Amino acid sequence: MTQEKILTKHPLGKRGKNISRQKYDALKRAILSVLQKRELTHTQLFTQLTKNLTSKFPGNVSWYGETVKLDLEARKIIERTSSKPQKYRLKKNDHYGNDINRTNQLRGKRNSGALSTFDGNQRPITA
């Protein structure tokens, strides 16, 4: 019986890795869970992953963790901050799945700071 695989993505467009779907899902859940609580540096994130998964995970937590972390960045689920040291956090999305920070930037440029209201199809509603 063949294991289901997933081809990961890379934020810089490099070639992804083909890994077990089960391992991918386990690391994704763990990463999102620890980032739900607060922003973490790379070291803090991997310390938490190692602590939470070492006895339960059949593989190298650091290697799979890095691969899945890069995939989540490429899929815009998590992001790096511009702070020093750089930290990772969940990307803030509205209930339509849009990046709130990007949406606000676009609205500010397009509407001179005025907020637009959108219908369910992401079209501006004009008054």
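Here is a yes/no grid of residues against (1) of a type in the set (S, T, N, Q); (2) at pLDDT 55 or above:
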residue	(1), (2)
Pro58	no, yes
Val61	no, yes
Gln86	yes, yes
Leu90	no, yes
Asn93	yes, yes
Leu106	no, no
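What are the pairs with Cβ atoms under 9 angstrom where one residue, in segment 6-24, is touching a residue at least 40 places away in the same chain (Cβ under 8 Å) and the other, located anywhere, is part of a loop (DSSP other than H, G, I, E, B) and β-branched (Val, Ile, Thr)? Sequence gap at least six, or different chains.
Gly16/Thr8; Lys17/Thr8; Ile19/Thr8; Tyr24/Thr8
The values are calculated or read from the model by the stated rules, or taken from the named source; none is laboratory data. None of these values were measured; they are calculated from a predicted model. Backbone-built Cβ (ideal geometry, glycine too); neighbour counts: all protein chains shown.
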